[in-house]
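One structure is given below, encoded as structure tokens.
Rule-based calculations on the coordinates, nothing more; no lab input. Small disclaimer: the values here were computed from a predicted structure and weren't measured. Every residue, glycine among them, receives a Cβ derived from its backbone with ideal geometry; neighbour counts consider all protein chains shown.
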Amino acid sequence: MMMNVLVIGGGGREHTLVWKLAQSPQIGRLFCAPGNPGIASVRNAESVPISVTDFDGLTKFAQENNVALTVVGPETPLIAGIVDAFEAKGLRIFGPAREPSQLEGSKVYAKELMRKCGIPTADFVVQSDLGESMTYAREYFAVHPGKKLVVKAEGEAAGKGVMVCDTLDEVESALRRILIDREFGDSGSRVVLEEGLVGREVSLMAFTDGVTVLPMLPAQDHKRARDGDEGPNTGGMGAYAPTPFFTQEMVDRALEIVLKPAVAAIKSTGIPYKGVLYAGLMVEPDGNIKVLEFNCRFGDPETEVVLPLLDTDLMDIMVAVADATLRDIELRWRDGTAVTVVMASGGYPGSYEKGKVIDGLEQVQELSDVVIFHSGTERDASGSIVTGGGRVLSVTGVGSDFNQARARAYAAVRAVHFEGAHYRTDIGHQAMA
């Protein structure tokens, strides 16, 4: 039976979801709200100008267009309760409800849940006062000389509310940005002060219907703005999957000590966690795995490298999650590797200009095993595709091995041009070590 699907969002993650769903023989009409120019070019896909937080408009659209499944991409509508709004009207939707979404919406909620359940994570305290926070920081550095202290805004901050600090001055600067200047608004009413962990980071996403948990391929994001992991944190400058150092044995261990306990703990509250559970993990030098953070949705740019390697029909998976029948699904993956490189606007993650014309997209379409996912693009009055965000394009190459996938991604990057474009030239450097 052909089914109409609505994807909520308008970035690279949502473009990837639309692109993957369009490959399913079960798809009838495919809508994306608000979408973007890249999404509009996908077969059977149509962008719909409705905001991700206009729940009344979105539920009405789903009802009027016989939408069989709605898929939520970004965290903001999930944390605000879009799943609850859709389910109240009897509409099938993929994603966690408002309460379970607090795993991402509140770092305090997440850390306290991990502490209660014995999920391994960094030691932490919660603070809301600048003076008390600085007192704690002085004591921390005195006891742990040479160790980093991590300052996190409690709420959602588009991946930019985490500051890794080496000195008291850096801690004070971070605290002032969050607590005093309110750079992240109400998300900065409290902070988590957390011991700095050392090791290798990995992103492990999993599908879950509240009981069954199926891990995806592990991926590695590159948060820092510049080569060599230098510069400020961003929403992500590129990724690759799978990660060779995070073995299947490690995936199985993370499933048992992190993912399953988190899903079980939330189920015990009476509201099962259904959707994607994303664990940002640190693998310490001794092999121990600790949780850096939880997210309540697909990662971005991790989605751009994980879904191109998925062989199982994504529509089957999402319906099974929504209907709590995930036990009947087997995840199958194609052999090979995917690498994505983010092309960003000049100045990102700081201030940047929009409206720069993007050239070369047509030429890239002729390259094999390369897909460009639009993260922040618009059409101007003349119909040209122009920059519309900080992260503009996610350029993904797929190959039989890492080197081939990486070469394909960077060949496509070099073929695309817009004024001020910048990108990291070392995505996947850890895989080459």
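May I ask you to list the GluC sites (Glu not before Pro) in the stretch 338-433 that are in a DSSP loop and have at most 15 other Cβ atoms within 10 Å of their Cβ? Numbers along the way, then the final one.
Working: sites: E353, E362, E366, E378, E419; in loops: E353, E366, E419.
Within the stretch 338-433, the qualifying GluC sites (Glu not before Pro) (loop, at most 15 other Cβ atoms within 10 Å) are E353, E366, E419.
At 7 Å along the Cα-to-beta-carbon direction for both E366 and E183, put a label point, then send me their distance in nm to one decimal.
4.4
Between M114, M318, M237, where does the largest GNM mean-square fluctuation fall for the chain, given springs only between Cα atoms within less than 10 Å?
Among M114, M318, M237, the largest GNM mean-square fluctuation belongs to M114.
Once you list every other residue whose beta carbon is under 14 Å from the beta carbon of S384, what net charge do they have if Lys and Arg are +1 and Asp and Glu are -1? Working shown, then result.
On the way: positive: K354, K356, R379; negative: D359, E362, E378, D380, E419.
Overall, the nearby charge balance is -2.
Restrict the search to the stretch 282-333; then list the GluC sites (Glu not before Pro) that DSSP places in a loop and that have at most 11 other Cβ atoms within 10 Å of their Cβ. Display every interim value, and only then the final one.
Values: sites: E293, E302, E304, E330; in loops: E302, E330.
Qualifying residues, ordered by number: E330.
At R0 = 25 Å, how high is the FRET efficiency between K116 and D252 if r is their beta carbon distance? Nearest 0.05 is fine.
Values: r = 24 Å, r/R0 = 0.94.
Efficiency, from the Cβ-Cβ distance: 0.60.
Where the centroid of each part is defined by its Cα atoms, how far is the stretch 41-95 from the stretch 286-332 in Å?
That distance is 20 Å.
If I build a Gaussian network model for the chain, linking alpha-carbon pairs within less than 10 angstrom, which residue out of V342, V150, V395 has the largest mean-square fluctuation?
Highest fluctuation of the listed residues: V150.
Quick one: net charge of R13's neighbours, Cβ under 9 Å, K/R +1, D/E -1? Please report the intermediate quantities before stating the final value.
On the way: positive: R297; negative: E14, D300, E302, E304.
With Lys, Arg at +1 and Asp, Glu at -1, the net is -3.
Summing +1 for each Lys or Arg and -1 for each Asp or Glu, what net charge is found among the other residues whose Cβ lies under 10 Å from the Cβ of P232? Don't skip to the end; give the middle numbers.
On the way: positive: K160, K223, R224, R226; negative: E230.
Residues close to P232 contribute a combined charge of +3.
Mind giving me the nanometre distance, one decimal, between the label points for R29 and V125, set 7 Å out from Cα along Cα→Cβ?
The modelled label-to-label distance comes out at 5.7 nm.
Please list the radius of gyration and Dmax for the chain, considering alpha-carbon atoms only, with Å as the unit.
When restricted to the Cα atoms of the chain, Rg and Dmax are 20.8, 65 Å.
Each label point is 7 Å from the Cα along the Cα-to-Cβ direction; what then is the distance between the points at Q63 and M1, in nm?
Rounded to a tenth, the inter-label distance reads 2.0 nm.
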